[in-house]
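Written out below as structure tokens is the structure these notes cover.
Every read-out reported here was derived from the displayed coordinates using simple, explicitly stated rules and does not represent laboratory data. Worth saying up front: this structure is predicted, and the values here are computed from it rather than measured. Cβ atoms come from the backbone with ideal geometry, glycine included; neighbour counts cover every protein chain shown.
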Amino acid sequence: MATVVRIVEESSTVMGEVFDRNRAAEELRLREFDASVKIQAWFRGARVRAYIKYLNKCATIVQKLWRAFLGRRLYREIMATQVMIMRMNFYNALATKIQKIWRGYYTRKYIHNYYSRKQYLEGLMVKNSIVRKELSEYAEQKAVEREQAEQEAGQMKLKEEASKKHYLISTDVVPGIYNSPFKPYPDEMEFILRSVQPRPPEGPKPKRDNRSGIIIPQTPPLPLTEPLPPIGAKIQGPFRTPAEVQKQRYKKLQPTLRVQTSFLSVEEAREAMKAKEWVMRVNDNIFEPFTRRSVPYDPLLHTTSKFGHLSYGTQYFREEDHQQHITDKVRIYLLISQSTENHFKFQI
């Protein structure tokens, strides 16, 4: 009972404290709410920033690995291309060297052969000497003919002048100007005047019309004799026989030297010279081997065996007998691997 009395007495004070505390809590509620909001905002911001930082780190690692993969793949492709280019350049250099050696050999042996060139130049020298001699003779002949023509022209001109001055010839009574009595013998012109005939007098001048100036044609002279009778049906004079006329009409064509000469005469002469040089080929410089100099060298071009004459030097290297092939076609496969080794595999 005492406890109840004590609780009732203290209840008034407890309720007052409760009310005081509730009033104080209500006054501080907004301030505490703002403080809690700030704490939550800071915590959430720190958590989000840490998560974003983690995501950025993961993305950086992924990008690094992917870019490294792409770089390695691009590097392998570049290296494969460079290796291919290097090998192709190497093979092209070797092929160029082989072609250079073969073309030089073929040119020296078949095109610009020393012995055939020497023989051709010797023949050309002989022909040039003959042509020079003929040209000199022809020039001398033309010079003589030109000199004779000039002399004849001079003689004709001198005779023309002499015929014009024929009135200066000497007579039995009066000597001419070229036959002076004070000289032991007359001049050469005197003998020329004696050898030529005097110039005939000019005919009558043509008559012209006084007004128009046109030349009036002369009337033809009257015939002094009767005209000749017409020719009869009988052929007069020496004529050829019909057989000779037929032969002359159908005689063969006689072309000039330029037409008779073939258009390919130079090429045919070269081919004939090559064939002759091939038959009469003689090697002046005997080949001496490096070892066994006491044994004379036997050229392969002239060696024979039980299988027949060797074809070296008489055929091209690319000539082949397709009948001896196992298959009709020859296939070549070029396989290029995509690995880093980039090796070639040839299958024939």
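Just a few scattered comments:
- Quick note on segment 1-80: its Rg to Rh ratio, both from C-alpha atoms and Rh being the Kirkwood radius, is 1.71.
- Cross-link pairs exceeding 32 Å between alpha carbons, from the set 97/274; 251/276; 159/183: 251/276.
- If the segment from residue 73 to residue 33 were pulled out straight at 0.36 nm per residue, it would be longer than the present Cα-Cα gap by 8.5 nm.
- Sequence-distant residues sharing a close amide H with residue 176 (under 5 Å, placed H): 170, 171
- Each residue of segment 61-70 is assigned a 3J(HN,Hα), and the resulting list reads 5, 5, 4, 4, 5, 5, 5, 5, 5, 4 Hz, derived from the Karplus form 6.51 cos²θ - 1.76 cosθ + 1.60 (θ = phi - 60°), x at Gly and Pro.
- Restricting the GluC sites (Glu not before Pro) of segment 160-190 to loop positions (DSSP other than H, G, I, E, B) with no more than 12 neighbouring Cβ atoms within 10 Å leaves nothing.
- Coarse-grained scattering of segment 105-172 at q = 0.17 Å⁻¹, given as base-10 log I(q)/I(0) from a Debye sum over alpha-carbon atoms: -0.79
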